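The values are calculated or read from the model by the stated rules, or taken from the named source; none is laboratory data. Since this is a predicted model, take the numbers as computed values, not measurements. Note that each Cβ is placed from the backbone with ideal geometry, even for glycine, and that neighbours are counted across all protein chains shown.
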2 protein chains.
Amino acid sequence: MQSFKEENYLKAIYQLKIGDQKEVVTITDIAVQLGLKTPTVLEKIKSMAIKKLISYDKISGVQLTKNGFDVAVNIVRRHRIWETYLYKELKFSWSEVHEIAEQLEHVNSAKLIEKIYAILGYPKFDPHGDPIPDLKGVLPKSERRPLSKSVEGCKLLILGVSEHSDSFLNYLSEKHIGLNDRFVIEKIDGFDESLMLISKSKERCLVSAKAAKFIQVACLKENCACKASGGTTKA
Amino acid sequence: MQSFKEENYLKAIYQLKIGDQKEVVTITDIAVQLGLKTPTVLEKIKSMAIKKLISYDKISGVQLTKNGFDVAVNIVRRHRIWETYLYKELKFSWSEVHEIAEQLEHVNSAKLIEKIYAILGYPKFDPHGDPIPDLKGVLPKSERRPLSKSVEGCKLLILGVSEHSDSFLNYLSEKHIGLNDRFVIEKIDGFDESLMLISKSKERCLVSAKAAKFIQVACLKENCACKASGGTTKA
DNA sequence: TATTAAAATTAGGTATACCTAATAATAAAA
DNA sequence: TTTTATTATTAGGTATACCTAATTTTAATA
């Protein structure tokens with residue numbers, strides 16, 4: 001409960017690497033993620049490198065060691081299990097769980113987390129659809145990915161969102177995009193990458209590239225071209 | 001979640017004042033309670049006095065302001081509700097709950113704590129028998145008190161312990177003192193304040209003054225002299 | 001009351017986690 | 001390839017939370 005800071009650094013690095021699939025994680029990336037300045041981050045990164053939680057050089061950026069990876073996985077795992085518990089067992093709403101889980105993830109008791117995980121029946125995904133890693137960091141397979149990684153012709157099922165601001169949620173309801181809705185991608189604009197979706201009832205709606213990043217979907221079309229590139233989820 | 005330190009100071013002061021019934025709480029008291037040195041504590045006390053969480057002068061020692069009291073009550077309340085939840089709902093053992101609750105008490109979500117309190121059915125006491133204060137800090141009435149505050153002739157029911165070390169628990173089992181056992185106080189030694197207990201089956205056992213502080217009991221004898229002095233519980 | 005013991009306070013030091021401003025190094029673009 | 005951005009790094013400063021050692025104050029006791 002005192003390694004708070006370090007846990008948050010490790011989680012941030014994990015999310016940038018695994019979630020956002022960044023090849024190289026930079027000091028600036030971490031600073032942006034945590035809302036800090038680069039000298040602050042650099043200083044901490046150096047001290048964590050001495051502790052062998054990460055490695056750092058300019059070519060490969062910041063990388064988690066085995067040790068650091070284990071800590072990071074644990075935090076992400078706890079976060080997602082708590083989110084699920086809050087949602088399923090304690091009946092919190094979708095939008096409330098993240099903030100509370102952000103605190104609960106730092107509570108250090110393996111027994112506690114395994115107990116609530118057992119009560120939940122060992123789910124593989126949290127209420128946002130994010131995968132729950134096992135203790136070794138292995139993620140369950142998921143078809144889930146952001147809408148932005150689509151191609152024309154994708155047959156999509158809306159699974160969730162990875163952004164919870166009012167303005168974004170309003171945007172979605174104005175466009176009549178809801179959980180479990182289905183759409184086909186009619187056209188992706190060559191210039192701004194906006195997507196024209198078409199529903200079963202032939203309603204069309206245009207989604208900006210920015211919004212598409214935060215809408216989580218699965219493509220139901222077998223062997224769709226969208227499945228060629230590797231898509232994963234984020235926290 | 002960053003006011004950790006302050007929350008722990010306020011809790012310590014609350015426990016010294018309300019739990020141990022100290023008239024005057026000193027810098028040294030707090031230092032002992034938190035395992036810190038007096039200059040460290042003094043420095044922090046000064047800064048918290050500026051923030052109006054406490055007041056401090058040499059005559060009346062450290063005192064909680066309305067503000068500081070509210071924070072302290074909240075922490076204690078959360079701690080005891082979590083202990084109850086861990087014990088009753090998540091089936092942790094008596095001895096495990098304290099350490100985990102120590103962390104969970106700092107999770108800041110009124111809604112979370114009220115939800116789990118509701119699930120528990122609004123109990124008035126935690127599994128150690130400690131009273132759960134309401135949001136205003138009002139404690140439920142309890143007959144519970146340490147064995148050390150007994151007089152000769154008390155008819156006692158063992159309710160619990162406020163110390164969980166192996167050595168202490170072994171001490172109790174050697175003396176055949178267990179939960180819900182009943183004893184009468186045959187004699188309190190005038191010199192070392194050790195207590196001679198006598199069970200229904202006429203077995204005698206001698207309990208030292210030190211051990212008596214950590215054994216929680218209720219006196220079943222009406223109008224017993226032990227009830228004259230005000231006795232309360234501690235965390 | 002003088003002495004001793006205990007508690008509080010002051011002084012000064014360390015480590016951590018932040019920051020700004022300035023400079024150096026690297027990558028991108030003209 | 002030179003210029004321009006972007007990143008990284010260094011230097012130096014602040015605040016917090018700790019510490020030890022020394023001193024002062026207060027309380028207890030002889």
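Based on what the data block shows, is A:ILE75 more than 13 Å from chain B (Cβ to nearest Cβ) and either modelled with pLDDT under 95 or farther than 30 Å from A:LEU206 by Cβ (or both)? Can you show your working first?
On the way: more than 13 Å from chain B (Cβ to nearest Cβ): yes; either modelled with pLDDT under 95 or farther than 30 Å from A:LEU206 by Cβ (or both): yes.
Criteria met by A:ILE75.
Are any of the residues in region B:108-118 charged (D, E, K, R), at the interface with chain A (Cβ under 10 Å from one of its Cβ atoms) and over 24 Å from B:PHE214 (Cα atoms)? Checked against the condition, which is being charged (D, E, K, R), at the interface with chain A (Cβ under 10 Å from one of its Cβ atoms) and over 24 Å from B:PHE214 (Cα atoms), region B:108-118 yields at least one hit.
Of the residues A:TYR122, A:TYR87, which is loosely packed, with under 13 Cβ neighbours inside 10 Å, aromatic (Phe, Trp, Tyr) and out of contact with any Lys or Arg (no Cβ under 9 Å at 6 or more places or on another chain)?
Numbers: A:TYR87 fails: loosely packed, with under 13 Cβ neighbours inside 10 Å.
Every option except A:TYR122 fails the conditions.
Conditions (1) in contact with a helix residue (DSSP H, G or I) (Cβ under 7 Å, 6 or more places away or on another chain); (2) over 30 Å from B:LYS221 (Cβ atoms), marked per residue:
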| position | (1), (2) |
| --- | --- |
| B:LYS52 | yes, yes |
| B:ASP70 | no, yes |
| B:ARG78 | yes, yes |
| B:TRP82 | yes, yes |
| B:SER95 | no, yes |
| B:ILE113 | yes, yes |
| B:GLY153 | no, no |
| B:ILE158 | no, no |
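Within region B:1-24, the residues that satisfy the criterion of being β-branched (Val, Ile, Thr) and within 16 Å of the chain's Cα centre (by Cα) are B:ILE13, B:ILE18. If I ask for residues that are in a loop (DSSP other than H, G, I, E, B), touching a His at 6+ places or on another chain (Cβ under 7 Å) and away from chain B (no Cβ under 12 Å), which ones from region A:79-107 would you list? Within region A:79-107, A:SER95 is the sole residue that qualifies.
If the condition is being in a helix (DSSP H, G or I), of a type outside the set (Lys, Arg), away from DNA strand C (no atom under 11 Å from the Cβ) and under 29 Å from B:ARG145 (Cα atoms), then region B:29-66 contributes B:GLN33, B:LEU34. If you filter region B:201-235 down to residues that are more than 17 Å from the chain's Cα centre (by Cα) and assigned to a strand (DSSP E or B), you find that the one that is modelled with the lowest pLDDT is B:CYS219. Within region B:144-165, can one find any residue that is touching an Asp or Glu at 6+ places or on another chain (Cβ under 6 Å) and either among the acidic types (Asp, Glu) or closer than 24 Å to B:GLU96 by Cα (or both)? Looking through region B:144-165, at least one residue is touching an Asp or Glu at 6+ places or on another chain (Cβ under 6 Å) and either among the acidic types (Asp, Glu) or closer than 24 Å to B:GLU96 by Cα (or both). The lone criterion from (1) within 11 Å of DNA strand D (Cβ to nearest atom); (2) under 30 Å from A:ILE119 (Cα atoms); (3) of a type in the set (D, E, K, R) left unmet by A:LYS46 is number (2).
Among the residues of region A:6-28, is there at least one that is modelled with pLDDT of 95 or more, within 16 Å of DNA strand C (Cβ to nearest atom), within 14 Å of another protein chain (Cβ to nearest Cβ) and outside any loop (DSSP other than H, G, I, E, B)? Checked region A:6-28: at least one residue is modelled with pLDDT of 95 or more, within 16 Å of DNA strand C (Cβ to nearest atom), within 14 Å of another protein chain (Cβ to nearest Cβ) and outside any loop (DSSP other than H, G, I, E, B).
Every condition in (1) within 11 Å of DNA strand D (Cβ to nearest atom); (2) farther than 22 Å from B:LEU135 by Cβ; (3) surrounded by 12 or more Cβ atoms within 10 Å (Cβ to Cβ) is met by B:VAL62 except one, and the failing one is (1).
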